[in-house]
1. Quick one: 3J(HN,Hα) in Hz for the stretch 507-519, Karplus 6.51/-1.76/1.60 with θ = phi - 60°, rounded, Gly and Pro as x.
2. What share of Cα pairs, in percent, lie more than 20 angstrom apart in the stretch 123-249?
3. Using packing as a proxy for protection, rank 429-438, 324-333, 229-238 so that the peptide with the highest average count of other Cβ atoms within 10 Å comes first.
4. Using only helices, what value at 222 nm comes out for the chain when you add -39,500 (n - 2.57) per DSSP H run of length 4 or more and divide by the total residues, to the nearest 500 deg cm²/dmol?
5. Label-point separation (nm) for Asn67 and Met105, each offset 7 Å from Cα along Cα-to-Cβ?
6. Could you work out how far apart the two model spin labels at Ser466 and Asp37 are, taking each label as a point 7 Å from the Cα in the direction of the beta carbon, and quote it in nm?
7. In sequence order, what are the phi-derived ³J(HN,Hα) couplings for the stretch 413-429 according to the Karplus relation 6.51 cos²θ - 1.76 cosθ + 1.60 with θ = phi - 60°, rounded to whole Hz, with x for glycine and proline?
8. Can you figure out the FRET efficiency of Thr83 with Asp147, using R₀ = 35 Å and their beta-carbon distance, to the nearest 0.05?
Amino acid sequence: MFHEKGISFALDTPEPVPLNSREYYLKGWCVAGSSVDQLGLAVVIDGVEQPAFFGLPRHDVAQHFTNPALTRCGFVARFRLETASAPITLVAILHGIRIPLAGLMAVPAQEITEQLKVTNYQQWLAVKEPELFWKEEEIARRLAALDYQPLVSIILPTYNTPNYFLVRCLESVSGQHYKNWELCAADDKSSDPEVLETVHRFAAADNRIKVLQSEKQGGISTASNIALAAAGGDFVVLLDHDDELHPFALLEMVRAFNESPQSHFFFSDEDKINEFGVRSHPSFKPDFDANTFLSQNYLGHLIALRRNLVTDIGGFRSCCDGAQDWDLLLRASEAIDPASIRHVRKPLYHWRMHDNSTASNLDCKPYVAKAWGRVLNDHLSRTGQTVSVAEGLFHGSMRLCYPAPRALELGVFLRTVDGAFQSAFVKMNAGQRALHVYQLSGCAVSRVPKDYLNGNVSAVNPAPCSLTELKGDVFVFFNGTLEALNHQFFEELVSQSVRKDCGLVTGIAVDSDSNIISTGLVRSKDNDLIDPCLGVKMPNHGYLGQASLVRCVDACPETFFAVRREHLEAVGGLGIISSSEIRHLAITLTQYMKDHGLSIIFTPYAVASFSGDQEPARERTAQSTAFETRRVNPQVLSFMNSDQVLKGYAC
């Protein structure tokens with residue numbers, strides 16, 4: 001604690017804390033005698049004064065001084081520095097007099113020159129993020145070259161928002177580099193008068209801000225629809241009242257509008273911020289995938305939609321409050337070609353974490369989970385699907401349970417080298433479904449006799465056969481020695497395989513120590529094929545929950561997969577298979593599915609454990625195959641798991 005001319009203060013941050021490559025913050029408390037009335041704070045940098053936010057609750061300070069009048073003595077100052085060497089002065093402002101309290105210096109950001117040294121998100125923000133955006137001195141010139149600069153309407157529902165969060169939210173809009181926007185703020189009859197006072201204060205300083213109010217409290221969808229009705233922009237952007245926009249958020253969306261003029265629906269990557277704006281938990285998302293989107297609203301923020309699309313589908317629905325954005329986006333995706341949904345691969349939205357936010361605690365709003373089920377069931381009803389809805393593998397995820405017709409028969413292919421008891425083991429896990437087991441030996445496929453299934457290893461060698469002789473509507477191929485299968489393993493593969501849009505299905509393959517060895521391959525930012533869950537230890541959910549969500553993948557692993565008979569016939573049947581070339585079959589089927597617009601589905605509800613040394617991801621040259629796999633390097637895995645940054649997507 002320090003004292004200066006009748007003022008007592010303390011800094012919780014002895015040095016300015018970096019938020020990114022240029023922005024810092026300080027926080028602490030300050031009182032003038034036995035009062036905080038008429039007191040203000042600011043930081044002065046190179047002679048320029050930047051006001052601090054004063055009035056945060058500090059019950060600990062009021063208790064220490066045994067004076068309830070000092071409760072709102074907390075402050076936080078956020079400011080920009082062009083150089084870390086600039087002197088910073090914290091000043092108190094009392095009755096118009098400025099009183100210097102402390103002189104500070106910022107700690108220079110750690111210099112990181114090699115990509116492999118970027119091992120956490122704070123380093124990524126300092127080194128990599130500036131490369132994503134135009135230099136500020138170039139913005140005006142480069143923006144002038146854009147043909148399409150539409151009015152963007154920001155939809156902001158408010159309700160009893162903590163004042164500091166609301167101020168930061170509004171300041172993040174005012175600070176946008178793209179200037180052709182309007183903010184439609186609709187208050188849902190807040191009982192705290194400071195909410196409307198704050199919004200009106202900002203509106204008085206900026207005529208782009210429209211202030212609206214519900215006649216009676218109706219919930220977030222009601223307030224959002226009031227804001228939507230007042231919007232006049234070509235696009236609407238959704239903003240929550242306690243979150244913040246990146247300064248380049250609107251500009252990057254407008255760049256995307258220009259690059260993709262036929263698109264109706266845009267989403268970006270995002271991260272989370274604490275009370276004071278420190279960024280963490282980045283979400284570098286996959287491109288739009290309807291399967292993942294039906295498991296959870298992974299699109300989240302930032303969302304930009306054509307306004308006429310939003311109005312055509314009826315805006316927000318109050319019956320889905322708590323999941324109203326997910327409901328809106330699902331209905332929007334039903335109304336357009338999914339190919340017109342564009343992903344902007346930059347973190348443009350900062351989702352606030354605090355005690356009453358689902359960003360940090362999904363249980364803080366128990367009605368949300370009920371709304372998830374309503375959203376999905378309504379979607380299934382609108383699209384005419386007979387599918388049941390269940391909870392997913394982690395809180396915040398859901399599962400669509402597709403039917404698996406009982407009449408369908410299953411054909412399973414095993415390698416002869418994996419041992420005689422593999423067939424009996426597979427049969428034991430087939431349940432009541434008709435199952436036919438076949439072996440791959442050398443270049444031949446053979447049927448396994450009944451005695452062999454019963455464990456009679458002395459049975460005569462089975463005779464070779466072709467696909468036309470084999471029974472089965474869905475075929476499953478295993479490329480390794482099985483140790484265990486989860487309950488309903490085959491039923492899940494069948495139920496996914498028979499979906500009309502599905503061509504191939506795979507699941508989770510783990511080793512004897514429960515480490516994931518394959519889940520399917522996806523394209524990274526650099527166009528490499530990687531497995532985003534490789535090395536994750538079960539039952540961890542992986543980055544963004546990808547080990548526990550049904551999703552599309554770009555290529556099927558050779559470890560195990562299921563395919564319908566007609567697709568296997570279409571690529572030439574069994575003539576291309578040998579025990580050493582299941583990989584070749586996986587590549588051929590993958591190419592066929594991509595050529596014919598069929599999905600390759602990963603499901604976390606089919607888990608197979610393999611013994612021995614499995615090698616699903618090999619080092620190969622770029623010329624060796626169209627489906628190139630790069631083994632994820634241990635440093636990358638450490639980056640992914642420890643700081644939740646998927647380097648393959650983000651760097």
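Coordinate-derived values only; no laboratory data. Note that this is a predicted model, so its numbers are computed, not measured. Using ideal geometry, Cβ is built from the backbone for each residue, glycine included, and neighbour counts are taken over all protein chains shown.
1. x, 9, 10, 10, 8, 5, 9, 6, 8, 5, 10, 6, 9
2. 47
3. 324-333, 229-238, 429-438
4. Value at 222 nm, helices only: -7000 deg cm²/dmol.
5. Once both label points are built, they end up 3.5 nm from each other.
6. 9.8
7. Using θ = phi - 60°, the values come out as 10, 10, 8, 4, 5, 7, x, 5, 7, 4, 5, 5, 5, 5, 4, 5, 9 Hz.
8. Working: r = 37 Å, r/R0 = 1.05.
The value I calculate is 0.45.
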